[in-house]
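Enquirer: Pasting a structure here, questions to come.
Please treat every number below as a calculation from the coordinates, not as lab data. Note that the structure is predicted; figures quoted are calculated from it, not measured. Here the Cβ positions follow ideal geometry from the backbone for every residue, glycine too, while neighbour counts run over all protein chains shown.
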Amino acid sequence: MPKPLVKPGAEIDGYTIGECVHTGGMATLWTVTHPGIDVPLLMKIPRVSEGEDPAAIVSFEMEMMILPRLAGPHVPSCFGTGDFAHQAYVVIERIVGTTLYKRLPDLPLPYEEARQLVARIATALADLHRQNVIHHDIKPSSIMFRDSGEAVLIDYGLSHHNHLPDLLQEEFRLPYGTAPYMAPERLLGVRDDPRSDLFSLGVLLYFFTTGERPFGEGETLRAMRRRLWRDPHPPRKLRSDFPPWLQEVVLRCLEIEPVWRYPTASQLAFDLAHPDQVKLTARSERLKRDPWSVAWRRRFNQGVMAPRAKSDVAVQIASSPILAVALDTVEGAPELNEALRVTTERILATLPSARLACVNVLKLNRIAIDKTLDEQGSNKHVDRLVALRHWATPLKLDESRLSVHVLEAIDPAAALLEFAEVNQVDHVIIGARQSSFRRSLLGSVSAKVASEAVCTVTVVRPPRLAADAADAGEAAG
Amino acid sequence: MLLAVFSDIHGNRQAFEACLKVARARGAERFVLLGDFVGYGADPEWVVDTVMGLVREGAIAVRGNHDEAVNTTTETMNAEAQIAIEWTRGRLDVAQRRFLAELPMVVQEKERLYVHSEASSPSHWNYVRSTTDAARSLISTPSHVTFCGHIHRPALYSMSVTAKMTSFVPKTDVSVQLLRGRQWLAVLGSVGQPRDGDPSAAFVLFDTVSCEITYCRAPYDVETAAGRIRENGLPPWLADRLSQGR
């Protein structure tokens, strides 16, 4: 292999090398400039000389394959790669600021701050998973934040891309990664389950809210393997004021079996964005770990667990969407609300991990000051929440899959669009407004949502009656 | 340069025509043909003539076991394949048979090796079924990329400098950069008789500059190809399997 050509002032493929800003175990980072590119750049160069860990090369190859395919605000933009035949490098945008690692002295963080922080990371993770990539090294030093607030995930050397060969698949006899954050299934060689990242994020959330790592810092395989059968101490044992909803979220992320965790990062982000809607189970109250009898049963039944089906990031995401149904429980015609329920039921029937958000917009007046109470003095907001729950009852959804939301807004379509975007909704179900007079006066909410939403939108109409069809035919004629 | 690589056409005119059309539309500048032009399908004359024409224009072609079996009787095959080969032998003229007989077993072009089956001993027509087979193939050559067919199921293997193997079932139309730090074995699906459950014709595009490989599929008129097999009295299973892709 040729000698590295990197030193300040040198030029590689049009990039002028500046200073070395970081020297890590696997790679060095240099500032670089390029005449055609006006954003701050970093060149990452693997350490490949004699005696270095061969893992550095394979990890770097993975980054070279994955980084150019990623897009969006939650990843560093990639500007170029150079291969091992000449000088291996990747050039990425330099994100200003520091990684989350710098926050470690501040732990534990206030619950609210941790909630917001981890919600942003979960949103970033959801975006990454949608691009068919599992990060596999989620930890504080892999996470940065843009000035605009978005979390950015860096370091893809251990990642898995569902559409690319996994170069790490047979490279290491032992699982490779950051021990305290590694999901239990990784110890069994599983690399294709996106829920492994949710486990790591759960470790981070636990650590950031309690100041303790749930599985310690043990680096030995023996210490790491304990997490295959031993659950962590519930956070409430460490901090008596730990909110039950937060413990619910943390312990769900840290479930040993991936199937008991959140099905997607979007659904985790959703719960973090709506703590009041988190369905509390026995997890939220727990003060002790599972009894030894349970842990030992897990430990000695390892071999008899059912073989795991091969996982697929895209399939996992597609089977666990967030649906939002927009309902007008006050003025909506009963037959339209019924049609919405039938459509929603059909969609949910095929998607056992989907969750449903029932949304209603409480329209505010543009000029007059709105009163929270109606003429009879009851709280409009609460009434509507009750009505939404009532509408959803026949769907018989488990509480953890259902949430209800009343948005207060002047422009219902804009409010629904914002809700869908912020909550990473995958599919909006909305009724078409019935009365053509009202529609011509107010504009169609469903038309605006359907045309401007970034996700799939289904516009529902009640079954057409024969008489209506005849009228429509005449009108058309 | 964008190469289009085809393997295991097996006398299927409709499938080959569809692949050529798609490959040209996607900008292929040069063709590589990995053998088994005949056998199973009912249009061996047209396929061989087309391949001869492409070779005259600069395409690379290597020999497959069915191409060899047309001119020899030593190759052992299953009963249906044997019937098809004997039928094919009667259809081809002297020039077509000579063309097949004179095809090279392997062609090395810069850092690329083209061969019909596993490359360590091409005349044994071994399948690449596993990383062990792929490792044997890759160790036998210094080439950066080896292209082969024979097994009718797409796969992509790589070997690192420390001889660690990876295996991968490529996704259709997702390009993969074949990194220079390791060696790669691209196993192609079949044009004329796919066996991976997808009846559409399989081929590969390879960009020699960026080293990006893309596994492609071309849907084709399976009914007509199957009908031609039945019309010519070839074993009916050879027709039936086309619509099932197995």
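Enquirer: Please work out the Cα center distance from region A:110-138 to region A:56-101, rounded to the nearest Å.
Expert: If you average the Cα positions of each part, the centres end up 19 Å apart.
Enquirer: Hey, got the dipole for the protein assembly as shown? About the Cα centre, +1 on K and R Cβ, -1 on D and E Cβ, debye to the nearest 20?
Expert: 1800
Enquirer: Now a separate question. Based on a Kirkwood Rh over C-alpha pairs, give the Stokes-Einstein translational diffusion coefficient of region B:2-244 at 10 °C and viscosity 1.306 mPa s in µm²/s.
Expert: In µm²/s, the coefficient rounds to 90.
Enquirer: Given H placed 1.01 Å from N in the peptide plane, which residues other than close sequence neighbours of B:Thr146 have an amide H under 5 Å from its amide H?
Expert: B:Leu113, B:Trp184, B:Leu185, B:Ala186
Enquirer: Quick one: which residues, 5+ away or cross-chain, put their amide H under 5 Å from the amide H of B:Leu178? H built at 1.01 Å from N.
Expert: Correct list: B:Glu212, B:Ile213.
Enquirer: Can you compute the charge dipole magnitude of region B:2-244 about its Cα centre, using +1 on each Lys and Arg Cβ and -1 on each Asp and Glu Cβ, nothing else charged? Give it in debye, rounded to the nearest 20.
Expert: 600
Enquirer: Using a simple spin-label model with points 7 Å from Cα along the Cα→Cβ vector, what separation in nm is obtained for A:Ser148 and B:Gln108?
Expert: Placing both labels 7 Å along Cα→Cβ, they lie 5.3 nm apart.
Enquirer: Once the Cα atoms of helix A:111-130 and of chain A are each reduced to a long axis, what angle between those two axes, in degrees from 0 to 90 to the nearest 10, is obtained?
Expert: Rounded to the nearest ten degrees, it is 80.
Enquirer: Given N residues in region A:226-279, what is Rg(Cα) / (2.2 N^0.38 Å)?
Expert: Numbers: Rg = 11.8 Å, N = 54, 2.2 N^0.38 = 10.0 Å.
Normalised by 2.2 N^0.38 Å, the Cα Rg of region A:226-279 equals 1.18.
Enquirer: Report, ordered by chain and residue number, the lysines lying within cross-link reach of A:Lys7, taken as a straight Cα distance under 24 Å and ignoring same-chain residues fewer than 8 apart.
Expert: Counting by Cα, and skipping residues close in sequence, A:Lys7 has these lysines nearby: A:Lys44.
Enquirer: Also, quick follow-up: Take every DSSP beta bridge with both residues inside region B:2-244 and express the antiparallel ones as a percent of the total, to the nearest 5.
Expert: 65
Enquirer: Calculate one ³J(HN,Hα) per residue across region A:203-210 by plugging θ = phi - 60° into the Karplus curve 6.51 cos²θ - 1.76 cosθ + 1.60, and present them in order as whole Hz with x for glycine and proline.
Expert: 3J(HN,Hα) across region A:203-210, in whole Hz: 4, 5, 5, 4, 4, 6, 9, 10.
Enquirer: Determine ³J(HN,Hα), in whole Hz, for all residues of region B:179-184 in sequence, where each value follows from phi through the Karplus function 6.51 cos²θ - 1.76 cosθ + 1.60 and θ = phi - 60°; x replaces Gly and Pro.
Expert: Each residue of region B:179-184 in turn: 4, 6, x, 9, 9, 10 Hz.
Enquirer: Using only Cα atoms, find the angle between the long axis of helix A:412-422 and the longest principal axis of chain A, and express it within 0 to 90 degrees, rounded to the nearest 10.
Expert: Approximately 20 degrees, to the nearest 10.
Enquirer: Using packing as a proxy for protection, rank A:248-259, B:29-40, B:160-171 so that the peptide with the highest average count of other Cβ atoms within 10 Å comes first.
Expert: The peptides rank, most packed first, as B:29-40, A:248-259, B:160-171.
Enquirer: Let me ask you something else. List every residue whose amide H lies under 5 Å from the amide H of B:Ser117, counting only residues 5 or more places away in sequence or on a different chain, with H placed 1.01 Å from N in the peptide plane.
Expert: Under 5 Å from the amide H of B:Ser117 lie the amide H atoms of B:Gly149, each far enough along the sequence or on another chain.
Enquirer: Straight-line reach only, C-alpha to C-alpha below 14 angstrom: list the aspartates and glutamates that B:Lys21 could link to, leaving out same-chain residues fewer than 8 apart.
Expert: B:Glu29, B:Asp221
Enquirer: Taking the 0 to 90 degree range and rounding to the nearest ten, how far is the long axis of helix A:55-66 tilted relative to the main principal axis of chain A, both from C-alpha atoms?
Expert: Long axis of A:55-66 versus the principal axis of chain A: about 40 degrees.
Enquirer: To continue, here is another question. For q values of 0.05, 0.08 Å⁻¹, compute log₁₀ I(q)/I(0) with the Debye formula on a Cα-only model of the protein assembly as shown, without solvent.
Expert: Values, matching the q order: -0.34, -0.82.
Enquirer: Quick one: what are the phi-derived ³J(HN,Hα) couplings along region B:127-137, Karplus 6.51/-1.76/1.60 with θ = phi - 60°, whole Hz, x for glycine and proline?
Expert: With the stated coefficients, region B:127-137 comes to 7, 9, 10, 8, 5, 5, 4, 5, 5, 4, 5 Hz.
Enquirer: Looking at the protein assembly as shown, what % of its DSSP beta bridges pair antiparallel, to the nearest 5?
Expert: Of those bridges, close to 60 percent are antiparallel.
Enquirer: Once you sort the root eigenvalues of the Cα gyration tensor of region A:155-254 as a ≥ b ≥ c, which label holds: rounded (a/c under 1.5), prolate (a/b larger than b/c) or oblate (the other case)? Please report the intermediate quantities before stating the final value.
Expert: Details: a/c = 2.61, a/b = 1.83, b/c = 1.43.
In terms of gyration-tensor shape, prolate.
Enquirer: Give me the one-decimal nm value for the distance between modelled label points at A:Asp312 and B:Glu45, 7 Å along each residue's Cα-to-Cβ direction.
Expert: 4.4
Enquirer: Another question about this same structure. Residue by residue through B:168-180, how many Cβ atoms from other chains fall within 10 Å of the Cβ on average?
Expert: Across the residues of B:168-180, the mean count of other-chain Cβ atoms within 10 Å is 5.
Enquirer: I've got another one for you. Over all distinct alpha-carbon pairs, what is the Kirkwood Rh of region A:1-108 in angstrom?
Expert: 14.8
Enquirer: Provide a whole-number value for the mean count of partner chain Cβ atoms within 10 Å of the Cβ atoms in peptide A:321-331. Display every interim value, and only then the final one.
Expert: Values: counts 0, 0, 0, 0, 0, 0, 0, 0, 0, 0, 0.
Whole-number average of other-chain Cβ neighbours for A:321-331 is 0.
Enquirer: So for region B:1-157, averaging the separation of alpha carbon pairs under 8 Å that are six or more residues apart and normalising by length, what relative contact order in percent results? Working shown, then result.
Expert: Values: 269 pairs, mean separation 33.4, N = 157.
Across region B:1-157, relative contact order equals 21 percent.
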